[in-house]
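Only one structure is covered here, and it is reproduced in the block below.
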Amino acid sequence: MASLAMASSSSVAVFAPAPVMTQRPTAVFSSVSCVRMVHPQRFGARRRTSRAVVAMAQPQGSGVETQDDIDAKVAKSLEEAKATCKEDETSAPCAVAWDEYEELAAEAAHARDRKKLSQDPLEAYCADNPETDECRVYED
Amino acid sequence: MACTSAAAAATSSSSSLSQLQLQSHFHGQQSGLASSGTHAESLRTLTMRVNGHCCSSGGRGGGFGLGRRRAFVVTCKVAPVKKTVVIGLAADSGCGKSTFMRRLTSIFGGAATPPRGGNPDSNTLISDTTTVICLDDYHSLDRYGRKEKAVTALDPRANNFDLMYEQVKALKEGKSVEKPIYNHVSGLLDPPETILPPKILVIEGLHPMYDERVRSLLDFSIYLDISDDVKFAWKIQRDMAERGHSLESIKASIRARKPDFDAYIDPQKQYADAVIQVLPTQLIPDDNEGKVLRVRMVMKEGVKYFEPVYLFDEGSTINWIPCGRKLTCSYPGIKFFYGPDTYYGNEVSVLEMDGQFDKLDELIYVESHLSNISTRFYGEITQQMLKHGDFPGSNNGTGLFQTIAGLKIRNVYERILADGPSVLNRAKI
């Protein structure tokens, strides 16, 4: 997980973010930035540089909710809707339950589409900008 | 560039004037009023305020009807966009990620992405010219609140129309707003995000035309009307691949939402400037796959800046099958209808397409016979359809009419801007 090293002084160099390196079971990070902390020289004192590599994680998407979470929610709301509507199909709670199921099913579908696109950044870019040079397709 | 052409227009004008109004359509920029100095001067300074990028240019010109040589110095200042055009889109699919939105933002140029660095579950899409706001963000009750009060999201009681009106009005006037975020995943209302006023604001959701005050702010409005059979077929395609869903549950969910839908969402059709209806095809008897579609675009007459698309002759009734000697189509072919009609008491023109495009030739053939399509060049519709060939509906009337609607919106936008700051009220008559 991300950890921040303690540093008392200021000078910080931030490097460009690196692509995803590891896939953790609980959260997915889209980019990891490395920070190098350097102590400035104090007068007369021996120069001492201490470096601490700090990894800062930037969560991707709704980092907490994964595809499985959303699918589980959809399944749960489906069960609830069926149970609520068993008594009375025209009641308001029944409509609300099906509405919630519909909202979650739509969100699950969007999450699936997002996941498909996010796997290859070029695909995602080209889906919306097919006319750019990188995305041109030639068929003979 | 805009400035040099405007300067040329200024210098070539030979009427004596104290004020010049210059028009520029370069990327929808507008130029303000230019006032010249008093008469007996050998040098006149024309100051033009042009929105957008502009280089300063000097011009020399002939007299203003006084027979004397005058030198004109044109200086351009970059001024912020003061005019926001508001478009309303009523649709039942989730916000901002729909195909219609992607086609629309593509017509205006650039890809629309969620705001960078903000809440990852934001529903807002931002591109260079357009910002798309999801009206679900104005829910007054979150998912748990709605369950408690037993109201669906379709019910106006679950939405804060006062806030919606206030914020859309502020954006239209050029002020930023802090808009709440409705998180569809958690079902809760998240802390607000800042929205800067864009050139084009699109509000998409279930109730863009429900509230009268919000309706008065819209410059153009569209209602996407999907019939139940098609809705059912699309939901099956969307959900059946995943485990747990069944035909019955999909049917039950559509049926359960229908009363609220008919009571609150459906009546908005009468206020829309354009309604796109998606129905099952009439070309294939007993078709229930929903792959071939019959799409009708119902366009209101008399809307300012909006001329309905027509076939062959405006105001007559035309039935047209383009397939024949010049064009060969594969089964089931293509069939067009155009004619005047009344819709909820309004005079409308209806353009309808039934069938599917199979090849490029069909698309360009059809485009060449449509009129009032507001394209910038011949073949623009075909180009847009091909550009997004992988989007659903790219081979039938849904893609075609969504593209045409997008071009019409662009046309409305350009004409509102061209009218300049004198037009402060909404575009509708």
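The values are calculated or read from the model by the stated rules, or taken from the named source; none is laboratory data. The structure presented is a predicted model; accordingly, all values stated were derived computationally and were not measured. Cβ coordinates were reconstructed from backbone atoms using ideal geometry, including for glycine residues, and neighbour counts include every protein chain displayed. Calculation scope for accessible area: heavy atoms of the full protein, side chains included, ligands and nucleic acids excluded. Shrake-Rupley method; radii C 1.70, N 1.55, O 1.52, S 1.80 Å.
Would you mind getting me the FRET efficiency between B:Ser186 and B:Trp234? Use the beta-carbon distance for r and R0 = 30 Å, nearest 0.05. Don't skip to the answer; put the middle values down first.
Numbers: r = 26 Å, r/R0 = 0.86.
E(calc), rounded to 0.05, equals 0.70.
Beyond 23 Å between alpha-carbons counts as too far, so tell me which of A:Lys82/A:Lys115; A:Lys73/B:Lys291; B:Lys172/B:Lys408; B:Lys175/B:Lys408; A:Lys115/B:Lys199 fall in that bin. Write down the numbers at each step before the final one.
Values: A:Lys82/A:Lys115 29 Å; A:Lys73/B:Lys291 30 Å; B:Lys172/B:Lys408 20 Å; B:Lys175/B:Lys408 26 Å; A:Lys115/B:Lys199 31 Å.
From the list (A:Lys82/A:Lys115; A:Lys73/B:Lys291; B:Lys172/B:Lys408; B:Lys175/B:Lys408; A:Lys115/B:Lys199), the Cα-Cα distance tops 23 Å for A:Lys82/A:Lys115; A:Lys73/B:Lys291; B:Lys175/B:Lys408; A:Lys115/B:Lys199.
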Legend entry - Cα centroid separation - region B:207-271 against region B:341-401, whole Å: 23 Å
Inset, instruction - Kindly state, to the nearest 0.05, the FRET efficiency for A:Tyr125 paired with A:Glu89, given R0 = 45 Å and r defined as their beta-carbon distance. - result: 0.45
Legend entry - For B:His369, solvent-accessible area (1.4 Å; no DNA, RNA or ligand), Å²: 70 Å²
Inset, instruction - Count the net charge of all other residues whose Cβ sits under 11 Å from the Cβ of B:Lys387, scoring Lys and Arg as +1 and Asp and Glu as -1. - result: -2
Inset, instruction - Among the aspartates and glutamates, select those whose C-alpha is under 19 Å from the C-alpha of B:Lys359, and discard any that sit fewer than 8 residues away in the same chain. - result: A:Glu139, A:Asp140, B:Glu367, B:Glu380, B:Asp390
Legend entry - Residues of type aspartates and glutamates that B:Lys83 reaches as a straight line, Cα spacing below 19 Å, ignoring anything fewer than 8 places off in the same chain: B:Asp128, B:Glu166, B:Glu173, B:Asp219, B:Glu414, B:Asp419
Inset, instruction - Hey, for a label at B:Thr194 modelled as a point 7 Å past Cα toward Cβ, could you say which residues of region B:115-147 have their backbone N under 15 Å away? - result: B:115-119
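At a 1.4 Å probe radius, which order do B:Leu363, A:Leu117 fall into by accessible area, largest first?
A:Leu117, B:Leu363
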Inset, instruction - Could you tell me what percent of the DSSP beta bridges with both partners in region B:100-256 are antiparallel, to the nearest 5? - result: 65 percent
Legend entry - Summed side-chain charge close to B:Ala233 - residues other than B:Ala233 whose Cβ falls under 11 Å, Lys, Arg +1, Asp, Glu -1: 0
Legend entry - Cα→Cβ-extended label distance, 7 Å offset, between B:Asp390 and B:Glu301, nm: 4.4 nm
Inset, instruction - Quote the relative contact order of region B:336-396 in percent (integer), defining contacts as alpha-carbon pairs under 8 Å separated by 6+ residues. - result: 27 percent
Legend entry - Segment B:Asp341-B:His369, extension gain: residue separation times 0.36 nm, minus the distance between their alpha carbons: 8.0 nm
